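Peer 1: Attaching a single structure in C-alpha coordinates format; questions to follow.
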Amino acid sequence: IRELSEDLLVTLALGQVLSLLICAISLISKYLANDFHANTPVFQSFLNYILLFLVYTTTLAVRQGEGNLLAILKQRWWKYMILGFIDIEANYLALKAYQHTTLSSVQLLDCFVIPVVLLLSWFFLLVRYKAVHFVGVGLCLLGIGCMVGADILLGRQQGFGEQKLFGDLLVLGGATLYGISNVCEEFIVKNLSRVEFLGMMGLFGSFFSGIQLAIMEHKELLKVPWDWQIGLLYVGFSAFMFILYSFMPVVVKRTSATSVNLSLLTADLYSLFCGLFLFHYKFSGLYLLSFFVIILGLILYSSSSTYVAQDPRVYKQFRNTGSQPATNPPQLSPGVLEPSVTFTNLGTELGDEQPVRVA
(Lines give C-alpha, C1' and ligand atoms only; values in the text may rest on other atoms or scores of the structure.)
Protein backbone atom coordinates (compact mmCIF):
# COMPACT_ATOMS: atom_id res chain seq x y z
CA ILE A 1 0.00 0.00 0.00
CA ARG A 2 2.85 2.36 0.87
CA GLU A 3 4.53 1.67 -2.47
CA LEU A 4 1.27 2.30 -4.29
CA SER A 5 0.73 5.58 -2.42
CA GLU A 6 4.23 6.84 -3.25
CA ASP A 7 3.82 5.88 -6.91
CA LEU A 8 0.43 7.60 -7.04
CA LEU A 9 1.87 10.82 -5.60
CA VAL A 10 4.74 10.77 -8.10
CA THR A 11 2.29 10.24 -10.94
CA LEU A 12 0.08 13.14 -9.83
CA ALA A 13 3.13 15.38 -9.42
CA LEU A 14 4.45 14.57 -12.90
CA GLY A 15 1.06 15.34 -14.43
CA GLN A 16 0.91 18.69 -12.68
CA VAL A 17 4.40 19.60 -13.91
CA LEU A 18 3.07 19.15 -17.46
CA SER A 19 0.06 21.33 -16.60
CA LEU A 20 2.31 24.09 -15.26
CA LEU A 21 4.38 23.99 -18.46
CA ILE A 22 1.21 24.39 -20.55
CA CYS A 23 0.12 27.22 -18.25
CA ALA A 24 3.41 29.04 -18.92
CA ILE A 25 3.02 28.48 -22.67
CA SER A 26 -0.54 29.85 -22.58
CA LEU A 27 0.49 32.96 -20.64
CA ILE A 28 3.32 33.76 -23.08
CA SER A 29 0.96 33.27 -26.04
CA LYS A 30 -1.50 35.66 -24.39
CA TYR A 31 1.19 38.33 -23.94
CA LEU A 32 2.33 37.95 -27.55
CA ALA A 33 -1.21 38.20 -28.95
CA ASN A 34 -2.67 40.87 -26.65
CA ASP A 35 0.24 43.17 -25.82
CA PHE A 36 2.31 42.89 -29.01
CA HIS A 37 -0.36 41.81 -31.53
CA ALA A 38 1.82 38.90 -32.66
CA ASN A 39 -0.62 36.24 -33.88
CA THR A 40 1.93 33.67 -35.04
CA PRO A 41 0.91 30.19 -33.81
CA VAL A 42 2.61 28.38 -36.71
CA PHE A 43 5.88 30.27 -36.22
CA GLN A 44 5.83 29.48 -32.51
CA SER A 45 5.36 25.76 -33.22
CA PHE A 46 8.04 25.93 -35.92
CA LEU A 47 10.62 27.15 -33.39
CA ASN A 48 9.84 24.19 -31.13
CA TYR A 49 10.15 21.66 -33.96
CA ILE A 50 13.49 23.17 -34.97
CA LEU A 51 14.79 22.64 -31.42
CA LEU A 52 13.55 19.04 -31.48
CA PHE A 53 15.32 18.57 -34.82
CA LEU A 54 18.61 20.01 -33.54
CA VAL A 55 18.63 17.87 -30.40
CA TYR A 56 16.84 14.60 -31.14
CA THR A 57 16.99 14.20 -34.94
CA THR A 58 20.75 14.81 -34.91
CA THR A 59 21.02 12.27 -32.07
CA LEU A 60 19.34 9.68 -34.29
CA ALA A 61 21.61 10.66 -37.18
CA VAL A 62 24.81 9.79 -35.28
CA ARG A 63 23.46 6.54 -33.86
CA GLN A 64 24.60 3.18 -35.14
CA GLY A 65 22.52 0.13 -36.02
CA GLU A 66 18.74 -0.15 -36.21
CA GLY A 67 18.22 3.01 -34.16
CA ASN A 68 19.92 5.12 -36.83
CA LEU A 69 17.93 7.85 -38.57
CA LEU A 70 18.24 6.28 -42.04
CA ALA A 71 17.25 2.84 -40.77
CA ILE A 72 14.13 4.27 -39.10
CA LEU A 73 13.18 6.22 -42.22
CA LYS A 74 13.54 3.12 -44.41
CA GLN A 75 11.20 1.12 -42.16
CA ARG A 76 8.44 3.59 -41.24
CA TRP A 77 9.03 7.04 -42.74
CA TRP A 78 5.47 7.40 -44.03
CA LYS A 79 3.97 6.67 -40.61
CA TYR A 80 6.01 9.41 -38.95
CA MET A 81 5.23 11.78 -41.83
CA ILE A 82 1.49 11.35 -41.17
CA LEU A 83 1.99 11.66 -37.40
CA GLY A 84 4.08 14.82 -37.77
CA PHE A 85 1.40 16.43 -39.93
CA ILE A 86 -1.31 15.46 -37.41
CA ASP A 87 0.68 16.96 -34.53
CA ILE A 88 1.27 20.36 -36.11
CA GLU A 89 -2.33 20.66 -37.28
CA ALA A 90 -3.60 19.79 -33.78
CA ASN A 91 -1.57 22.70 -32.37
CA TYR A 92 -2.70 25.03 -35.15
CA LEU A 93 -6.45 24.25 -34.85
CA ALA A 94 -6.40 24.61 -31.06
CA LEU A 95 -4.74 28.05 -31.19
CA LYS A 96 -6.84 29.23 -34.15
CA ALA A 97 -10.09 28.38 -32.33
CA TYR A 98 -9.55 31.20 -29.79
CA GLN A 99 -10.13 33.73 -32.58
CA HIS A 100 -13.60 32.40 -33.40
CA THR A 101 -15.24 31.11 -30.21
CA THR A 102 -15.45 31.78 -26.48
CA LEU A 103 -12.85 30.74 -23.93
CA SER A 104 -15.52 28.70 -22.13
CA SER A 105 -16.34 26.76 -25.31
CA VAL A 106 -12.67 26.02 -25.92
CA GLN A 107 -12.21 24.73 -22.37
CA LEU A 108 -15.32 22.57 -22.52
CA LEU A 109 -14.99 21.16 -26.03
CA ASP A 110 -11.27 20.54 -25.64
CA CYS A 111 -12.23 17.73 -23.23
CA PHE A 112 -13.33 15.80 -26.32
CA VAL A 113 -9.73 14.58 -26.46
CA ILE A 114 -10.42 12.28 -23.49
CA PRO A 115 -13.12 10.05 -25.07
CA VAL A 116 -11.01 10.03 -28.27
CA VAL A 117 -8.00 8.72 -26.33
CA LEU A 118 -10.15 6.20 -24.43
CA LEU A 119 -11.60 4.75 -27.64
CA LEU A 120 -8.31 4.68 -29.53
CA SER A 121 -6.54 3.08 -26.55
CA TRP A 122 -9.27 0.41 -26.38
CA PHE A 123 -9.14 -0.51 -30.07
CA PHE A 124 -5.47 0.03 -30.95
CA LEU A 125 -3.53 -0.33 -27.68
CA LEU A 126 -5.91 -3.07 -26.42
CA VAL A 127 -6.40 -1.29 -23.07
CA ARG A 128 -9.31 -2.46 -20.89
CA TYR A 129 -10.79 -0.22 -18.18
CA LYS A 130 -12.54 -0.79 -14.86
CA ALA A 131 -15.56 1.03 -13.49
CA VAL A 132 -13.33 3.16 -11.25
CA HIS A 133 -11.57 4.56 -14.32
CA PHE A 134 -14.83 5.78 -15.82
CA VAL A 135 -15.82 7.30 -12.47
CA GLY A 136 -12.49 9.12 -12.34
CA VAL A 137 -12.91 10.42 -15.90
CA GLY A 138 -16.45 11.54 -15.06
CA LEU A 139 -15.23 13.52 -12.03
CA CYS A 140 -12.51 15.21 -14.10
CA LEU A 141 -15.07 16.28 -16.69
CA LEU A 142 -17.38 17.46 -13.90
CA GLY A 143 -14.53 19.62 -12.60
CA ILE A 144 -14.12 21.20 -16.03
CA GLY A 145 -17.88 21.83 -16.05
CA CYS A 146 -17.55 23.74 -12.76
CA MET A 147 -14.76 25.87 -14.22
CA VAL A 148 -16.75 26.70 -17.36
CA GLY A 149 -19.78 27.51 -15.18
CA ALA A 150 -17.68 29.94 -13.16
CA ASP A 151 -16.45 31.58 -16.38
CA ILE A 152 -20.02 32.08 -17.59
CA LEU A 153 -21.19 33.47 -14.24
CA LEU A 154 -18.30 35.94 -14.16
CA GLY A 155 -18.81 36.91 -17.79
CA ARG A 156 -15.37 35.81 -18.95
CA GLN A 157 -16.04 35.48 -22.66
CA GLN A 158 -12.61 36.36 -24.12
CA GLY A 159 -12.14 35.30 -27.69
CA PHE A 160 -15.79 35.58 -28.73
CA GLY A 161 -16.16 35.88 -32.46
CA GLU A 162 -18.94 36.04 -34.97
CA GLN A 163 -18.22 32.55 -36.33
CA LYS A 164 -18.70 30.70 -33.05
CA LEU A 165 -19.80 27.43 -34.67
CA PHE A 166 -16.71 27.44 -36.86
CA GLY A 167 -14.55 28.00 -33.77
CA ASP A 168 -16.24 25.14 -31.92
CA LEU A 169 -15.57 22.83 -34.87
CA LEU A 170 -11.92 23.88 -34.83
CA VAL A 171 -11.70 22.89 -31.15
CA LEU A 172 -13.26 19.49 -31.81
CA GLY A 173 -10.97 18.92 -34.77
CA GLY A 174 -7.90 19.87 -32.74
CA ALA A 175 -8.97 17.66 -29.82
CA THR A 176 -9.44 14.69 -32.17
CA LEU A 177 -5.99 15.17 -33.70
CA TYR A 178 -4.44 15.58 -30.24
CA GLY A 179 -6.03 12.27 -29.20
CA ILE A 180 -4.58 10.47 -32.23
CA SER A 181 -1.16 12.01 -31.65
CA ASN A 182 -1.14 11.12 -27.93
CA VAL A 183 -2.12 7.48 -28.48
CA CYS A 184 0.53 7.09 -31.19
CA GLU A 185 3.05 8.68 -28.83
CA GLU A 186 2.16 6.19 -26.09
CA PHE A 187 2.62 3.23 -28.45
CA ILE A 188 5.98 4.52 -29.74
CA VAL A 189 7.57 5.40 -26.38
CA LYS A 190 6.46 2.11 -24.80
CA ASN A 191 7.43 -0.14 -27.72
CA LEU A 192 10.17 1.69 -29.59
CA SER A 193 12.01 4.74 -28.23
CA ARG A 194 11.36 8.17 -26.78
CA VAL A 195 14.28 9.63 -28.74
CA GLU A 196 12.95 8.08 -31.95
CA PHE A 197 9.54 9.69 -31.43
CA LEU A 198 10.96 13.13 -30.66
CA GLY A 199 13.52 12.91 -33.47
CA MET A 200 10.86 12.08 -36.04
CA MET A 201 8.60 14.84 -34.71
CA GLY A 202 11.48 17.27 -35.08
CA LEU A 203 12.18 16.13 -38.65
CA PHE A 204 8.67 16.06 -40.10
CA GLY A 205 7.25 18.73 -37.77
CA SER A 206 9.82 21.31 -38.83
CA PHE A 207 9.31 20.35 -42.49
CA PHE A 208 5.51 20.69 -42.52
CA SER A 209 5.34 23.68 -40.16
CA GLY A 210 7.99 25.43 -42.28
CA ILE A 211 5.84 24.98 -45.39
CA GLN A 212 2.72 26.13 -43.53
CA LEU A 213 4.62 29.12 -42.13
CA ALA A 214 5.78 30.22 -45.58
CA ILE A 215 2.25 29.96 -46.98
CA MET A 216 0.10 31.31 -44.15
CA GLU A 217 2.11 33.49 -41.76
CA HIS A 218 4.90 35.24 -43.68
CA LYS A 219 2.86 38.46 -43.74
CA GLU A 220 2.07 38.24 -40.00
CA LEU A 221 5.78 37.94 -39.20
CA LEU A 222 6.45 41.18 -41.06
CA LYS A 223 3.86 42.95 -38.90
CA VAL A 224 5.48 41.91 -35.61
CA PRO A 225 7.16 44.93 -33.90
CA TRP A 226 10.43 43.15 -33.19
CA ASP A 227 12.39 44.18 -30.10
CA TRP A 228 14.20 42.45 -27.25
CA GLN A 229 10.98 41.89 -25.27
CA ILE A 230 9.24 40.06 -28.09
CA GLY A 231 12.41 38.11 -28.78
CA LEU A 232 12.57 37.08 -25.13
CA LEU A 233 8.93 35.95 -25.20
CA TYR A 234 9.55 33.82 -28.30
CA VAL A 235 12.63 32.29 -26.69
CA GLY A 236 10.64 31.55 -23.51
CA PHE A 237 7.79 30.01 -25.49
CA SER A 238 10.16 27.80 -27.47
CA ALA A 239 12.00 26.70 -24.32
CA PHE A 240 8.82 25.73 -22.48
CA MET A 241 7.43 23.93 -25.55
CA PHE A 242 10.70 22.03 -25.96
CA ILE A 243 10.68 20.99 -22.30
CA LEU A 244 7.02 19.95 -22.57
CA TYR A 245 7.63 17.82 -25.67
CA SER A 246 10.76 16.27 -24.12
CA PHE A 247 9.15 15.54 -20.75
CA MET A 248 5.72 14.33 -21.88
CA PRO A 249 6.95 11.00 -23.36
CA VAL A 250 8.58 10.23 -20.01
CA VAL A 251 5.25 10.70 -18.21
CA VAL A 252 3.29 8.87 -20.95
CA LYS A 253 5.64 5.88 -20.70
CA ARG A 254 5.18 5.77 -16.94
CA THR A 255 1.40 6.22 -17.08
CA SER A 256 -0.73 6.42 -20.23
CA ALA A 257 -2.05 8.92 -22.76
CA THR A 258 -5.41 8.95 -20.96
CA SER A 259 -3.87 9.71 -17.57
CA VAL A 260 -1.75 12.51 -19.04
CA ASN A 261 -4.73 14.17 -20.71
CA LEU A 262 -6.71 14.02 -17.47
CA SER A 263 -3.80 15.67 -15.66
CA LEU A 264 -3.66 18.44 -18.27
CA LEU A 265 -7.21 19.50 -17.39
CA THR A 266 -5.76 21.50 -14.50
CA ALA A 267 -3.66 23.64 -16.90
CA ASP A 268 -6.59 26.00 -17.56
CA LEU A 269 -7.08 26.41 -13.83
CA TYR A 270 -3.43 27.32 -13.28
CA SER A 271 -3.78 29.88 -16.07
CA LEU A 272 -6.84 31.32 -14.34
CA PHE A 273 -5.06 31.52 -10.99
CA CYS A 274 -2.15 33.34 -12.65
CA GLY A 275 -4.65 35.61 -14.39
CA LEU A 276 -5.99 36.71 -10.99
CA PHE A 277 -2.67 38.50 -10.39
CA LEU A 278 -1.45 39.28 -13.91
CA PHE A 279 -4.69 40.22 -15.68
CA HIS A 280 -6.93 41.00 -12.68
CA TYR A 281 -9.48 38.26 -13.37
CA LYS A 282 -12.44 37.98 -11.02
CA PHE A 283 -12.25 35.10 -8.54
CA SER A 284 -14.91 32.46 -7.98
CA GLY A 285 -15.04 29.69 -5.40
CA LEU A 286 -16.06 27.35 -8.21
CA TYR A 287 -12.48 27.50 -9.48
CA LEU A 288 -11.20 25.91 -6.28
CA LEU A 289 -14.05 23.39 -6.31
CA SER A 290 -13.27 22.40 -9.90
CA PHE A 291 -9.57 21.99 -9.06
CA PHE A 292 -10.25 19.62 -6.17
CA VAL A 293 -12.84 17.66 -8.17
CA ILE A 294 -10.34 17.17 -11.02
CA ILE A 295 -7.61 16.07 -8.59
CA LEU A 296 -10.06 13.63 -6.96
CA GLY A 297 -10.88 12.22 -10.37
CA LEU A 298 -7.17 11.83 -11.13
CA ILE A 299 -6.60 10.01 -7.84
CA LEU A 300 -9.46 7.62 -8.55
CA TYR A 301 -8.30 6.95 -12.11
CA SER A 302 -4.66 6.45 -11.09
CA SER A 303 -5.39 4.27 -8.05
CA SER A 304 -6.40 1.22 -10.09
CA SER A 305 -4.77 -0.72 -12.89
CA THR A 306 -5.94 -1.10 -16.46
CA TYR A 307 -6.06 -4.32 -18.44
CA VAL A 308 -3.99 -4.81 -21.55
CA ALA A 309 -5.02 -7.59 -23.92
CA GLN A 310 -1.84 -9.08 -25.34
CA ASP A 311 -3.52 -10.94 -28.20
CA PRO A 312 -6.17 -9.45 -30.54
CA ARG A 313 -8.11 -12.72 -30.26
CA VAL A 314 -8.95 -11.66 -26.72
CA TYR A 315 -11.38 -9.05 -28.13
CA LYS A 316 -14.08 -11.62 -28.78
CA GLN A 317 -13.31 -13.69 -25.69
CA PHE A 318 -13.06 -10.69 -23.36
CA ARG A 319 -16.66 -9.69 -24.02
CA ASN A 320 -17.87 -13.19 -23.15
CA THR A 321 -16.01 -13.83 -19.92
CA GLY A 322 -18.67 -12.43 -17.63
CA SER A 323 -20.40 -15.76 -17.12
CA GLN A 324 -17.24 -17.90 -17.07
CA PRO A 325 -15.01 -18.28 -14.00
CA ALA A 326 -11.53 -17.08 -14.80
CA THR A 327 -10.03 -19.88 -12.72
CA ASN A 328 -11.48 -22.68 -14.90
CA PRO A 329 -10.54 -21.93 -18.49
CA PRO A 330 -11.35 -24.50 -21.17
CA GLN A 331 -8.50 -26.75 -22.19
CA LEU A 332 -6.64 -25.82 -25.36
CA SER A 333 -5.25 -28.36 -27.77
CA PRO A 334 -1.47 -28.97 -27.54
CA GLY A 335 0.63 -26.44 -29.41
CA VAL A 336 -2.04 -23.71 -29.38
CA LEU A 337 -0.91 -20.50 -27.71
CA GLU A 338 -3.29 -19.19 -25.07
CA PRO A 339 -4.18 -15.50 -25.35
CA SER A 340 -4.01 -13.57 -22.13
CA VAL A 341 -4.97 -10.38 -20.37
CA THR A 342 -2.33 -8.80 -18.17
CA PHE A 343 -2.32 -5.73 -16.00
CA THR A 344 -0.47 -2.49 -16.49
CA ASN A 345 -0.74 0.36 -14.01
CA LEU A 346 1.01 3.22 -12.32
CA GLY A 347 1.78 1.05 -9.33
CA THR A 348 1.02 -2.53 -8.40
CA GLU A 349 -2.53 -2.89 -7.13
CA LEU A 350 -3.35 -5.42 -4.43
CA GLY A 351 -4.78 -8.52 -5.95
CA ASP A 352 -3.49 -7.66 -9.42
CA GLU A 353 -0.14 -9.42 -9.29
CA GLN A 354 -1.33 -12.46 -11.23
CA PRO A 355 -2.50 -12.16 -14.83
CA VAL A 356 -6.09 -13.11 -15.59
CA ARG A 357 -6.19 -15.93 -18.11
CA VAL A 358 -9.01 -16.26 -20.57
CA ALA A 359 -9.52 -18.74 -23.39
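Peer 1: Using 0.36 nm per residue of separation minus the Cα-Cα distance, give me the extension gain between Ala239 and Leu153 in nm, one decimal. Numbers along the way, then the final one.
Peer 2: Working: separation 86, 0.36 × 86 = 30.96 nm, distance 3.53 nm.
This chain segment gains 27.4 nm when fully extended.
Peer 1: Expected output is a single nm value to one decimal: the length gained when fully extending between Leu9 and Leu288, i.e. 0.36 nm times separation in residues minus the C-alpha distance. What is it?
Peer 2: Details: separation 279, 0.36 × 279 = 100.44 nm, distance 2.00 nm.
Extra length from Leu9 to Leu288 when fully extended: 98.4 nm.
Peer 1: In debye, nearest 20: dipole of region 1-317 around its Cα centre with unit charges on the Cβ of K, R (+) and D, E (-)? Each step should come with its number before you reach the end.
Peer 2: Working: 20 positive and 19 negative charges, 114 e Å.
Using only the charged Cβ atoms, the result is roughly 540 debye.
Peer 1: Heavy-atom accessible area per residue, region 1-317, 1.4 Å probe: how many Å²?
Peer 2: Values: 14620 Å² over 317 residues.
The answer is 46 Å² per residue.
Peer 1: Can I ask one more? Let me know the Rg and Dmax you get for region 1-317 when you use only its Cα atoms, in Å.
Peer 2: Here Rg and the maximum Cα pair distance are 19.8, 63 Å.
Peer 1: Got a sec? Charge dipole of region 73-146, +1 on Cβ for Lys and Arg, -1 for Asp and Glu; which of Val127, Val117, Gln99 is way out at the positive end?
Peer 2: Val127
Peer 1: Say R0 is 35 Å: what FRET efficiency, to the nearest 0.05, do Leu276 and Phe123 get from their beta-carbon distance?
Peer 2: FRET efficiency, Leu276 to Phe123: 0.25.
Peer 1: Same structure again: Straight-line reach from Lys282: which lysines have Cα under 21 Å away, leaving out those fewer than 8 places along the same chain?
Peer 2: Lys30
Peer 1: What ranking of Asp87, Asp7, Asp227 comes out by heavy-atom accessible area, probe 1.4 Å, highest first?
Peer 2: Details: Asp87 10, Asp7 35, Asp227 65 Å².
Largest accessible area first, the list is Asp227, Asp7, Asp87.
The values are calculated or read from the model by the stated rules, or taken from the named source; none is laboratory data. Here the structure is a predicted model, which is why all the values come from computation and not from measurement. Here Cβ is always computed from backbone atoms with ideal geometry, including for glycine, and neighbour counts include all displayed protein chains. Heavy atoms of the whole protein, side chains included, go into the accessibility calculation; ligands, DNA and RNA do not. Shrake-Rupley method; radii C 1.70, N 1.55, O 1.52, S 1.80 Å.
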